[in-house]
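The values are calculated or read from the model by the stated rules, or taken from the named source; none is laboratory data. All figures in this text were calculated on a predicted structure; none of them were measured in a lab. All Cβ positions, even for glycine, are placed from backbone atoms using ideal geometry, and neighbour counts span all protein chains on display. Keep in mind that these areas ignore ligands, DNA and RNA; they rest on the heavy atoms of the full protein, side chains included. Shrake-Rupley method; radii C 1.70, N 1.55, O 1.52, S 1.80 Å.
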Amino acid sequence: MVTFTLNGKELEVKEGTTLLEVARDEGINIPTLCYHEEMSSYGACRLCLVEVIKRGWPSIQPACLYPAQNGIEVNTDTERVRKSRKILLELYLARSPDSQAIIDLAKEYGVRDTRFKLKESERSDCILCGLCVRACAEISKRHAISFAHRGSKRAIQTPFEELADVCVGCQACAFVCPTGVIKIEEAD
Amino acid sequence: MEQEITTRVTPISAPSEMTAMREQCKDALDRRKTTFRVCAGTACIAGGSLDVYEELKNQIKQRGIDVDVELLFEGGETEAGASKSGCHGFCQMGPLVRIEPQGTFYNKVKVDDVPNIISATLEDQGVVEELLFENQDGSRAATEKEVPFYAGQKRIVLGGCGTINPEDIRNYFAVDGYQALAKCLQDMTPEDVVEEMKKSGLRGRGGGGFPAGRKWESAAKATGRPKYIICNADEGDPGAFMDRSLIEGNPQSVIEGMIISAYGVGAKYGVVYVRAEYPLAVTRLFLALDQAREYGLLGENIMGSGFDFDIEVFQGAGAFVCGESSALRASIEGLPGEPTAKYDHATDKGLWEKPTVLNNVETFANVPIIINQGADWYASMGTENSKGTKVFSLVGNIVNTGLIEVEMGTTLRKIIFDIGGGIPDGKPFKAVQTGGPSGGCLPADKLDMPVDFDQLKEVGSMMGSGGMIVMDEGACVVNVAKYFIEFCNDESCGKCISCRDGSAALLNILERICEGEGREEDLETMEDLCHCIDDASMCGLGTSLPNPVLSTLHYFRDEYLAHIKDKNCPAKVCKPLFTYEVITDNCKKCGLCFRNCPSDAVIWKKKEVAEIIQDKCVKCGICKEVCKFDAVE
């Protein structure tokens, strides 16, 4: 067991429990886009960031990955956290300006507009959270899709962009997609 | 390979044999009365040094002199021979040739110069005056020591680079090579080795600056088995070539450092993660590993001590981010080269979840020197918290482009002006970017700052791996920031939105400013975004990518404002933000601008002042460049 404080409250939890799991148990709201409790944490959406003070040294950490540790002090709603989270939501709005899920989430945190602009080729309703990749690998165990390329060219693809013969059409990828960008087509 | 060892090799079977081995190799090489040492680093090779080398060999042979190295090792002696070496550092003046033992130092040597060099050296005992380095006052420097570029340096790690043949391990033996390992195996316990490293104060040279001894201590105490030693040679910063030059010039020193590290922490396996884009370094590394194995310095029962360790080479496939430790490990493990969040230390759970020491090339190359000369000697160099020396690659608008090594704490002014020779054509210094794309851009008032890990951090930059890009007044800092952000956007793995889309959004703003469409609120927007990218990104690439923007915003805010408010690029780089005009009073009506303009934008008639038609001007700057009367501005 480890003991630490979360928003001023002292807690004792099992070693290896992530800050996000503890916070959700405590009824603290932390936004996420790439997290699903049935799958491994990936830490790509960055929205779950919280402030962790360890040995007097504050840093910003993703709650979905960071394990609760003895003696740390965690704050989920500091000025620094709120500011970075809002800017991230502005980036999401710049990336996926037409996605209702993103618009709604941003609105929830008081972000209605974005100061940032991305090129047409950099915009997409796919936010590269990787939930579909993990669902396919961890739940369906098919590995039909994965990340390809890097930087702004990063995309979710089947091998060689061809129809993946390992895909069984289970639709798990579409089910977990937070922006609904994966569409299912019936084969002839 | 050029210098394959054909003499039968007897492996070293006890550490005590190393002394005899050194003397034997030293004696053998000394039996060659004159050596023409040709730089065979990448830059000199590109300049044609291998042709010079071949020609030297041929012409020496034509004089009836046997140039076969093996002859020396079989007890014979010879009048003269040519030998390749790694980078001498003075890349600007390559191809370089040094005559040993005299020390005569020739630069910009061409094949045609070879007959003169040979006859001057072997017949007249003289020098070829015009190939010696010319000082600014017109005098000539006969040896390296007299050249200002070398005079201000302390070449300790680079000591072997440029003086020994990197393709023949016996050259390394002759300069105390593997004496440090022998000393460790014979006289020191693994604990002693770690203690010595801690005492030396050596900090990781890859950029992080973590104390190497403490890292080794953690790995030594870790309980997991087996343990790994990784050498990070995935050097990717634009303008940086320290690691490449070290591997090309003295690969055995890096290997010996790794073996000593392995002995200290109890590791069995080592990996060198090197860029595949460094073909010469890779070739020499493989050759060096083979030769070390032949002599029983790698593999099972090293020097008959019962200690086993071997090294594999892993070639990176071209992703900058793989220089980041967790991405590097993922890459070796066959996973995509993508950083992962690690809350355990690599010294406990690193490669394959086993205790791992990951250090940079230069860090390992320091190790044999520390063991040989002692931690106290090493710690006597440098500043309070940054000991020893640091290798830098000096590039950009600088007279002496090259590879240098200075004591920690040397000022930027000494590095750039004394060693680097200052800015070409006497132009004013504007800024220096240290630490590569993750570093910062420092202005002239920081020139007297001593360079070490902490000082650089304090002023908003970083040591990084040691790239130093010098800029004159012709560099636009907004454009420089744009260049580095573009680089990071391209090299981001794309996992964290803050790094991937954050850098794209930053780039978008910078592009707008460079096109004259900047808005005053852009500066605050960029600062907000930069702090978010730093806070929200997972790995070092993301957290440090805002540095070029933040440091230029801090030190050169006026230049941003000139772009935004005055629609003017003072450095005349951002094309929409400046024009070229003819200064009527200065124009001598010569028509040179008219004749050289590639876009017919200059109107000129005999005996008339030239005029530039802005609609046609492509702002190439040729008119300004060719004008002899400063009549184009």
Those residues that are free of Cβ contacts under 8 Å to residues at least 12 places away in the same chain and open to solvent by less than 40 Å² (accessible area, probe 1.4 Å), I need them from segment B:189-227; list them, please. none
What residue, of B:Gly47, B:Gly76, is over 21 Å from B:Leu158 (Cβ atoms), in contact (Cβ under 8 Å) with a residue 40 or more places away in the chain and either open to solvent by 30 Å² or more (accessible area, probe 1.4 Å) or over 32 Å from the mean Cα position of the chain (by Cα) (or both)? B:Gly76
Quick check: anything in segment B:478-492 polar (S, T, N, Q) and within 13 Å of chain A (Cβ to nearest Cβ)? yes
Only listed residue being touching a strand residue (DSSP E or B) at 6+ places or on another chain (Cβ under 7 Å) and outside the structural domain of B:Ala341 (by TED's automatic domain parsing), chosen from B:Met526, B:Met538, B:Met468: B:Met468
Those residues that are open to solvent by less than 70 Å² (accessible area, probe 1.4 Å), more than 17 Å from B:Ser85 (Cβ to Cβ) and in a helix (DSSP H, G or I), I need them from segment B:52-66; list them, please. B:Asn58, B:Gln59
If B:Val406 meets every condition in (1) under 15 Å from the mean Cα position of the chain (by Cα); (2) assigned by TED's automatic domain parsing to the domain that holds B:Arg203; (3) not in a helix (DSSP H, G or I) apart from one, which number is that one? (2)
Helices (runs of 4 or more DSSP H) within segment B:493-598 that include 2 or more residues touching a His at 6+ places or on another chain (Cβ under 9 Å), hydrophobic (A, V, I, L, M, F, W, C) and in contact (Cβ under 8 Å) with a residue 24 or more places away in the chain: B:497-514
Go through B:Ala481, B:Ala444 for me and flag whichever is farther than 20 Å from B:Gly323 by Cα and open to solvent by 20 Å² or more (accessible area, probe 1.4 Å). B:Ala444
Can you pull out every residue in segment A:87-101 that is in contact (Cβ under 8 Å) with a residue 12 or more places away in the chain and within 11 Å of chain B (Cβ to nearest Cβ)? A:Leu88, A:Leu89, A:Glu90, A:Leu91, A:Tyr92, A:Leu93, A:Ala94, A:Arg95, A:Ser96
Does B:Gly306 fit the bill of being part of a loop (DSSP other than H, G, I, E, B), under 16 Å from B:Gly264 (Cβ atoms) and open to solvent by 50 Å² or more (accessible area, probe 1.4 Å)? yes
Can you tell me which condition B:Tyr172 does not meet? The list is (1) of a type outside the set (A, V, I, L, M); (2) at pLDDT 95 or above; (3) open to solvent by 40 Å² or more (accessible area, probe 1.4 Å); (4) part of a helix (DSSP H, G or I), and all the others hold. (3)
Anything in segment B:517-543 that is closer than 27 Å to A:Trp57 by Cα and more than 9 Å from chain A (Cβ to nearest Cβ)? List them, or say none. B:Glu524, B:Met526, B:Glu527, B:Cys530, B:Cys539, B:Gly540, B:Leu541, B:Gly542, B:Thr543
Name every residue in segment B:18-34 that is open to solvent by less than 10 Å² (accessible area, probe 1.4 Å) and outside any helix (DSSP H, G or I), in order of residue number. none
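For segment B:549-561, enumerate the residues that are open to solvent by 10 Å² or more (accessible area, probe 1.4 Å) and hydrophobic (A, V, I, L, M, F, W, C).
Result: B:Leu550, B:Phe556, B:Leu561.
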So which residues in segment B:327-368 are within 17 Å of B:Arg225 (Cα to Cα), open to solvent by less than 10 Å² (accessible area, probe 1.4 Å) and either in contact with a strand residue (DSSP E or B) (Cβ under 6 Å, 6 or more places away or on another chain) or free of Cβ contacts under 8 Å to residues at least 12 places away in the same chain (or both), if there are any at all? B:Gly350, B:Leu351, B:Thr356, B:Val357
Does A:Ile60 count as at pLDDT 95 or above, more than 30 Å from A:Lys141 (Cβ to Cβ) and either out of contact with any strand residue (DSSP E or B) (no Cβ under 7 Å at 6 or more places or on another chain) or β-branched (Val, Ile, Thr) (or both)? yes
Looking across segment A:109-118 at residues that are facing another protein chain (nearest Cβ under 9 Å) and open to solvent by 90 Å² or more (accessible area, probe 1.4 Å), the single one that is farthest from A:Ile156 (Cα to Cα) is A:Arg115
Qualifying positions in segment A:120-141 - open to solvent by 90 Å² or more (accessible area, probe 1.4 Å) and not in a helix (DSSP H, G or I): A:Lys141
Output yes when any residue across segment A:146-161 is away from chain B (no Cβ under 14 Å) and buried (at least 18 other Cβ atoms within 10 Å of the Cβ), and no when none is. no
Kindly indicate whether B:Cys514 is under 18 Å from B:His563 (Cα atoms), touching a helix residue (DSSP H, G or I) at 6+ places or on another chain (Cβ under 9 Å), buried (at least 24 other Cβ atoms within 10 Å of the Cβ) and more than 14 Å from chain A (Cβ to nearest Cβ). no
Before we move on, is A:Ser84 at the interface with chain B (Cβ under 9 Å from one of its Cβ atoms) and either open to solvent by 80 Å² or more (accessible area, probe 1.4 Å) or of a type in the set (Ser, Thr, Tyr) (or both)? yes
Selected residue (criterion: least open to solvent (accessible area, probe 1.4 Å)) from residues of segment B:249-281 that are part of a helix (DSSP H, G or I) and farther than 18 Å from B:Asn359 by Cα: B:Gly249
If you go through segment B:149-164 one residue at a time, do you hit one that is over 28 Å from B:Thr34 (Cα atoms) and either part of a helix (DSSP H, G or I) or of a type in the set (Asp, Glu) (or both)? no
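The rows are residues; the columns are (1) open to solvent by less than 20 Å² (accessible area, probe 1.4 Å); (2) outside the structural domain of B:Leu289 (by TED's automatic domain parsing); (3) among the acidic types (Asp, Glu).
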| residue | (1), (2), (3) |
| --- | --- |
| B:Gly89 | yes, yes, no |
| B:Gln92 | no, yes, no |
| B:Leu96 | yes, yes, no |
| B:Pro101 | no, yes, no |
| B:Phe105 | yes, yes, no |
| B:Thr121 | yes, yes, no |
| B:Gly162 | yes, yes, no |
| B:Tyr178 | yes, no, no |
Can you say whether B:Ala319 is surrounded by 18 or more Cβ atoms within 10 Å (Cβ to Cβ), over 29 Å from B:Val193 (Cβ atoms) and either in contact (Cβ under 8 Å) with a residue 40 or more places away in the chain or polar (S, T, N, Q) (or both), as far as the supplied structure shows? yes
Looking for something at pLDDT 95 or above and assigned to a helix (DSSP H, G or I) - is there at least one such residue anywhere in segment B:104-112? yes
